[in-house]
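One structure is given below, encoded as structure tokens.
The values are calculated or read from the model by the stated rules, or taken from the named source; none is laboratory data. Since the model is a prediction, treat every value here as computed from it, not as a measurement. Cβ coordinates were reconstructed from backbone atoms using ideal geometry, including for glycine residues, and neighbour counts include every protein chain displayed. Note: areas computed on protein heavy atoms with side chains; ligands, DNA, RNA excluded. Shrake-Rupley method; radii C 1.70, N 1.55, O 1.52, S 1.80 Å.
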Amino acid sequence: MLHRLRRIALPAGLALISLGLFQAPVRAEKSIEISLRDRYLTLFDNGQVVKRFPVAIGAPESPTPAGTYAITRMEEAPVYHKGGKVIAPGPENPVGVRYMAYFQIGSGEYAIHGTAWPSWVKLRAAVSLGCIRMLNQDVIALFQQVDVGTPVIVTTK
């Protein structure tokens, strides 16, 4: 696709930048869908399934909210902070080795992240505080394929 920026003169010395034609690479449209019922995260590329991953979801007392979101922040080596406790990045970190926030409510946030407890993910359990937990190797693979702004759809089906 060919695009360029143009400047259009307006009255009283104002100027408006409009999108004209300039060269830009065509980029595939990635999206993430999470099924709370099946407890799988599916990565799509232009509507086609790329990969499906097992996940753990929010416990009944702290459920994962369904809705349409987008990744807002990504951390390659997350540091865990809770109640004055700080845990350095690594496989023993409660949020694992990658972290992708997608929804903030008050001072808390929901994210897709790794885990120090892979058995819960393998069981596809409802055990988290509302976040989506993935196996560390799976969250690394997902992290490499998405960006801030990638849509995240959480469904009850």
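The table below gives the values:
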{"read-out": "Among the residues listed as F53, F143, the single one being at pLDDT 95 or above and under 15 Å from S35 (Cβ atoms)", "value": "F53"}
{"read-out": "The listed residue being charged (D, E, K, R), within 30 Å of E29 (Cα to Cα) and in contact with a Ser or Thr (Cβ under 7 Å, 6 or more places away or on another chain), out of K122, K51, K157", "value": "K157"}
{"read-out": "Within the stretch 118-134, considering residues that are part of a helix (DSSP H, G or I) and in contact (Cβ under 8 Å) with a residue 24 or more places away in the chain, the one surrounded by the fewest Cβ atoms within 10 Å (Cβ to Cβ)", "value": "K122"}
{"read-out": "Checking L41 against (1) open to solvent by less than 60 Å² (accessible area, probe 1.4 Å); (2) part of a loop (DSSP other than H, G, I, E, B); (3) in contact (Cβ under 8 Å) with a residue 24 or more places away in the chain, the condition it does not meet", "value": "(2)"}
{"read-out": "The stretch 50-65 residues that are within 14 Å of V154 (Cα to Cα), paired with ones that are among the hydroxyl-bearing types (S, T, Y) and outside any strand (DSSP E or B) (beta carbon under 6 Å, 6 or more apart)", "value": "I57/T64; G58/T64"}
{"read-out": "Only listed residue being over 22 Å from F143 (Cβ atoms) and either among the hydrophobic types (A, V, I, L, M, F, W, C) or surrounded by 12 or more Cβ atoms within 10 Å (Cβ to Cβ) (or both), chosen from I105, I71, I87", "value": "I105"}
{"read-out": "Residue pairs meeting the criteria (Cβ under 9 Å; at least 6 apart or on separate chains; first open to solvent by less than 50 Å² (accessible area, probe 1.4 Å), in the stretch 135-157; second part of a helix (DSSP H, G or I) and hydrophobic (A, V, I, L, M, F, W, C))", "value": "L135/V121; D138/V121"}
{"read-out": "Candidates P63, P78 - the one that is open to solvent by 60 Å² or more (accessible area, probe 1.4 Å) and not in a strand (DSSP E or B)", "value": "P63"}
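Rundown of residues vs (1) surrounded by fewer than 16 Cβ atoms within 10 Å (Cβ to Cβ); (2) at pLDDT below 95; (3) in contact with a strand residue (DSSP E or B) (Cβ under 9 Å, 6 or more places away or on another chain), yes/no style:
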| position | (1), (2), (3) |
| --- | --- |
| I8 | yes, yes, yes |
| S18 | yes, yes, yes |
| V26 | yes, yes, no |
| Q48 | yes, no, no |
| G83 | yes, yes, no |
